[in-house]
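Student: Mind looking over this structure? Questions follow.
The values are calculated or read from the model by the stated rules, or taken from the named source; none is laboratory data. Fair warning: this is a prediction, and the values are worked out from it, not measured in the lab. Don't worry about glycine lacking a Cβ; one is built from the backbone with ideal geometry, like all the others, and counts go over all protein chains shown. Just the protein is used for accessible areas: all its heavy atoms, side chains included, with ligands, DNA and RNA removed. Shrake-Rupley method; radii C 1.70, N 1.55, O 1.52, S 1.80 Å.
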Amino acid sequence: MTEPDSADRPSFWHGTERVVNGIAQELCTLDDGVAWFTSLPPARRQEVLHEAGLYAMQAHITASYGRAGVARSGVKPTANPSVMICMDPPRYGFSGLPADEHVTAFRVLVCVFAVADTRRRQTYCKNSCGHAWHNLPRPTEAP
């Protein structure tokens, strides 16, 4: 996965949104997202962690979503990102973690976001959603 060229997407759309929402909607795998993330330069990884944290906040994550997301992520519950997201209220600041924890932080954030956003798509946005990020085209559909 590479970040799309600006000519290939609507104006609101960029790499982080595409990857995070794609994973949440099972349009791509977590491993695909991690491969994309690890291909980025370190400074961009920090930006992505910050953005993904904002998406998680907007999805109104809770400690219980944190636990469900951590279980889905494959990251140990005792890892710093796991502990942070499972606190009540959840803690953010993942971009400030040491670089060797960025991949685990990405995995945790994306999985927790997926849990919370799936709930939102199944409740608040069910059958009447106008959010472009909740209506991504399936891989067989034209973008």
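Student: Sort out for me the helices (runs of 4 or more DSSP H) sitting completely within region 53-125 that have 1 or more residues that are among the basic types (Lys, Arg).
Tutor: Per the criteria, 63-73, 102-122.
Student: Would you pick out the residues in region 22-31 that are closer than 13 Å to SER73 by Cβ and open to solvent by 40 Å² or more (accessible area, probe 1.4 Å)?
Tutor: Result: THR29, ASP31.
Student: Also: Specify which of the listed residues (VAL34, VAL19) is under 9 Å from the mean Cα position of the chain (by Cα) and buried (at least 18 other Cβ atoms within 10 Å of the Cβ).
Tutor: VAL19
Student: Only one residue in ALA59, ALA71, ALA79 is at pLDDT 90 or above, touching a helix residue (DSSP H, G or I) at 6+ places or on another chain (Cβ under 6 Å) and not aromatic (Phe, Trp, Tyr), so which one is that?
Tutor: ALA79
Student: Here's another thing I want to ask about it. Given the condition at pLDDT 90 or above and polar (S, T, N, Q), answer yes or no: does some residue in region 113-133 qualify?
Tutor: No, region 113-133 has no match at all.
Student: Another question, if that's okay. I need the full set of residues from region 34-52 which are farther than 19 Å from GLY66 by Cα, touching a residue at least 24 places away in the same chain (Cβ under 8 Å) and assigned to a helix (DSSP H, G or I), in order please.
Tutor: Residues satisfying the conditions are ALA35, TRP36, PHE37, THR38, PRO42, ARG45, GLN46, GLU47.
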